Structures are given as structure tokens and as C-alpha cells.
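Below is one structure; the comments refer to it alone.
Values quoted throughout were computed directly from the atomic coordinates according to the rules given, and no laboratory measurement underlies them. Bear in mind the structure is a predicted one, so any value in this text is a computation, not a measurement. Positions of Cβ are generated from backbone atoms using ideal geometry, with glycine treated the same way; all protein chains shown enter the neighbour counts.
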Amino acid sequence: MHDLSGTPAAENPPELFSWEFATDPYPAYAWLREHEPVRRTTLPSGVEAWLVTRYRDARQALADQRLSKNPVHHAEPGKTGIPGERSAGLMTHLLNIDPPDHTRLRRLVSKAFTPRRVAEFAPRVQELTDRLIDGFAAKGEADLIHDFAFPLPIYAICDMLGVPPEDQDDFRDWAGMMIRHGGGPRGGVARSVKKIRGYLAELIHRKRDEPGDDLISGLIRASDHGDHLTENEAAAMAFILLFAGFETTINLIGNGLYALMRNPDQRARLQDSLAAGESGLLETGIEELLRYDGPVELATWRYATEALAIGGQEIPAGDPVLVVLAAADRDPERFTEPDTLDLSRADNQHLGYGHGIHYCLGAPLARLEGQTALATLLTRLPDLRLAVDPDELRWRGGLIMRGLRTLPVEFTPRQN
């Protein structure tokens, strides 16, 4: 790791972004919180950025409107953000814009993405969950990433967007390419983005002629004082809901299940609670799993529009800033025993879904999927256990997301 902050480094600074770091980044983040809570670092892409690791500073940065989401404020905007989104004409989404455009687009999109719609979708999420478990329950073994955590949010978001069933396997293939190439060359992701963009353009045209009760039709209909989404805006919004909505949920389910298997006392508490027909521990438990080892390690890119200070550190105008949610959510100044998994943790204002005006729009859907997935798996396959030594598991490379490549498990075979 290169220290570019100009301040003397404390003894034995940790190495960031190695495969060893990806397996367990939390000791390194603890070191940064203590010694250099706002540190300028060279990322694997060669981009220099500031990492913010303390909870108080992270919360401030996430809400500071001097930190723009728009890549135009960076000298090399093509090196940040989602690979391929610029060339595919998918830049005008909520992760790349600021007020007043952000305010307008979020208000329009919120009309098609309401809590009521998510609640109405609950039976479909349960149906998808059961169908996927049915596919491997009799085998006594599964890879819970490939067989379960990956397809569940893909099919769910496709249903919400209004992608016809006969096209959903294509989406699954494209999403798989984005996952596989997430930590490698940007070209692999860019090719998938281009294919998704082409498909969304066709689907939007079809929905204009034959609208349905789905999210893309809702985006097309959405208006605010006569202000409609343009076709590019509708395509960009559908794309980011897909992109942001599937990998975060894959990781929430995968990381969450792994954490429960590594903490058998907490898992037993949850299973006893579910068996008693209670939902309270499941609801607080999802929040704790988001805090303890959440799906989003670093918040998406921000850029200083003017010189500012974070945690006493001066940030020059134009510099990228990355808020390390995983570090902030284990800050002992904010959370009691932060490295301990406590499913009943009450005071849990974690930053797993962000903070401020960019708080995740899809958080209610992700919570629904996470709760449904964990509750159903632990109820239907109660003796679920890891099938390999934990040291054999590998985490996907990448900067923003945190998730397992595979999660092999064994259990007593169950007939459907």
C-alpha cells in the first residue's frame, strides 16, 4: 500500500487490496481507524483516492454535498464508476448525479418503487426462494452462492422490472459475467453492460406500446409536474436498479449465512425464534448481518468539488473520496463490541445502505429478500453446515462489493 497523505505513517501499516486482505479486511481497517482514519491511497486501478474509515467521519462524508457523485469532477472520470456505463449511455442514474437532477430523478423513480410495491412482492420472493431450495434440497449438498444467493435476486429484480420469463436467463448470464469479471479487467464487465443496455432499449420500446404492472412501465409513466424520464434516464435507472440490486443481495445472503455458520450460538437463537413463529430477531438480525459483514465494503465514488476537511484531514478539490462502510460499521467508538455478532443488537444505526440523500432506494427489497432467504433456508434445512474448511473459501476481488465466490454446504437431504 502506498501512503500519499504526506503524513508520517505509523509502524507496520497494513497491505490493502491483496487476496489476503480480501479474506479478512477488518484488522487492516482497525489499524486505519486508529492511525490514519482518512488516508490517501493508490487503488489497484492506479487511481488515487482518500479512504474514510471512522463512523463519525463516514456519516459526515456520506451527507456532505461538497462531495459530488458526478464523475465530471474527477480528472480521469473514465477510471472510476461502473465499467462501460459511459460508452453505453447509462450515466444518468442516481449514483452519478447531484441535486437538483438527483432530487428530480429520485422523486420520479420513487413513485414506481414504493414500500407498497415491495410488500406486494413478498409472496413472489417466497415462491422464488422455495423453488430454488426445491432444486437442491434432495441432494444433501449445494453451493449456496451459485444455486441460491445468485439466482434469487436476479429473478426477483427481473420480475420487478418486467423482464419476460423467456429473457430472464439471458439476464442471469450477463449478470454472471459482471460478477466473474468484477475484480479483473474492466472489459468483461463493459461487454455485459453493453448487452444489458441494448436489451433495455428494446424492452423500453415494447413497454411504451404495451405497458404492464412492472417497474419499467412505472418508470415510463412516472412524471412530476409534467416532467418525464427521458429514454436514456429510464434505461440508466433500470440498469442501476439491476446492477445495484442483485450483487448487494447476493452478498447479503452469502455473507449472512457464512456469519451464522461461524457463530453457531447466534444461529441457534435465530432458529429457535423462527420455530416459535417470531419475527423480531430475524428483523434485527438482518440489520446486524449488514453491519457485521455487509455486502457493500466501500460506498460508491464521491469527488470533492472544493477543498474540505474530513476528520481533520484536508482534501483537495477534485480528489476522489471512498467511504469504507465496512470499517465505519465496526468502529468501537460507535458500536459496543463491534467485532461480535449480536443478532439482537438494538442500537444499530449501521451505514450498510448509506446515509443522506443517496440512501439506497432498494433497501426495503433487499431486506425482504434477505429475511426470506435466511428464514426459509434455516427452517427447511436446519442442519445446514459448511462443507469445506473456511480457509478454502475465496472472496471475490473488487473494490466496492464484498462477497464470497462460493459457499459449499451439506445438510440432511429433504424431499420436497
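In order along region 20-34, phi translates into HN-Hα couplings of 5, 4, 4, 5, 8, x, 5, x, 5, 5, 5, 4, 5, 4, 7 Hz, rounded to whole numbers, per the Karplus curve 6.51 cos²θ - 1.76 cosθ + 1.60 with θ = phi - 60° and x for Gly and Pro.
Report, in deg cm²/dmol and to the nearest 500, the calculated mean residue ellipticity at 222 nm for the chain, where each DSSP H run with n ≥ 4 adds -39500 (n - 2.57) and the sum is divided by the residue count.
On the way: 14 runs with 191 residues, N = 416.
Calculated from helices alone, the mean residue ellipticity at 222 nm is -14500 deg cm²/dmol.
The Rg/Rh ratio of region 103-158, with both radii computed over alpha carbons and Rh defined as the Kirkwood radius, is 1.16.
A simple packing score, the average count of other Cβ atoms within 10 Å per residue, orders the peptides 399-410, 50-61 as 50-61, 399-410, with the highest score first. Annotation: amide H of R302 within the under-5 Å range of V321, sequence separation 5 or more or interchain, hydrogens built in the peptide plane.
Using a ≥ b ≥ c from the Cα gyration tensor of region 147-306 (square roots of the eigenvalues), is it rounded, prolate or oblate, where a/c under 1.5 gives rounded and otherwise the larger of a/b and b/c decides, a/b for prolate? Here region 147-306 falls in the prolate category. Under the simplified labelling scheme, the T284-A307 pair shows an inter-label distance of 4.8 nm, with each label point 7 Å from Cα along Cα→Cβ.
Each of F150, V296, V193 was scored by the projection of its Cα onto the charge dipole of the chain, and the greatest displacement toward the positive side belongs to V193; charges sit on the C-beta of Lys, Arg, Asp and Glu.
What the phi angles of region 312-323 give under the Karplus curve with 6.51, -1.76 and 1.60, with θ = phi - 60°, is a coupling list of x, 9, 6, 10, x, 4, x, 6, x, 10, 10, 7 Hz, glycine and proline written as x.
Amide hydrogen proximity for L407: with H placed 1.01 Å from N in the peptide plane, the residues at 5 or more positions away or on another chain lying under 5 Å are L144, I145, H146. Of the peptides 251-262, 196-207, the order by per-residue mean of other Cβ atoms within 10 Å, starting with the highest, comes out as 251-262, 196-207.
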